[in-house]
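To keep things clear, I will list the structure first and then write my remarks on it.
The values are calculated or read from the model by the stated rules, or taken from the named source; none is laboratory data. Predicted, not measured: the structure shown is a model, and the values here were computed from it. Glycine also receives a Cβ, built like all others from the backbone with ideal geometry; neighbour counts cover every protein chain displayed.
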Amino acid sequence: MPLNHLMQDSKQPERIGKILTRLMARQGFQRQISQELLANAWVEVVGETLAGQTRLGNLRRGTLEVFIRHKIIEQELSFRQIELTQSLNAVIGENKIKRLKFTLM
């Protein structure tokens, strides 16, 4: 597949990273990278202890599903939902997460 159609129409050289990002998104790799980025962001935001008691589900229409082991963890994370959502979006560099949905495992 020629890469010419992935390059911008300007006469300036384009960074290879931008070209690869567009190529990967077009080929469907963006979702996997986002899941990994999201998992790393989750550990950074909630800490290793809470992250170990949770498992991330899918991000659909702005809602990130979080599976939790104990009801008490749900209470704590629910109380911090706005803070967690803002922190996650800041870490991933996008405003994709609008709310968190907690589900007992």
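In table form, for the structure just shown:
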| item | result |
| --- | --- |
| Of all residues making up the stretch 5-60, the number that are among the hydroxyl-bearing types (Ser, Thr, Tyr) and either in contact with a strand residue (DSSP E or B) (Cβ under 7 Å, 6 or more places away or on another chain) or modelled with pLDDT under 70 (or both) | 3 |
| The stretch 50-81, residues that are over 16 Å from the mean Cα position of the chain (by Cα) and either part of a helix (DSSP H, G or I) or of a type in the set (A, V, I, L, M) (or both) | LEU50, GLY52, ILE68, LYS71, ILE72, ILE73, GLU74, GLN75, GLU76, LEU77, SER78, PHE79 |
| Pairs where the first residue, in the stretch 42-61, is under 14 Å from GLU83 (Cα atoms) and the second is surrounded by 15 or more Cβ atoms within 10 Å (Cβ to Cβ) and among the hydroxyl-bearing types (Ser, Thr, Tyr), C-beta under 8 Å, 6+ apart | TRP42/THR54; VAL45/SER87; VAL46/THR54 |
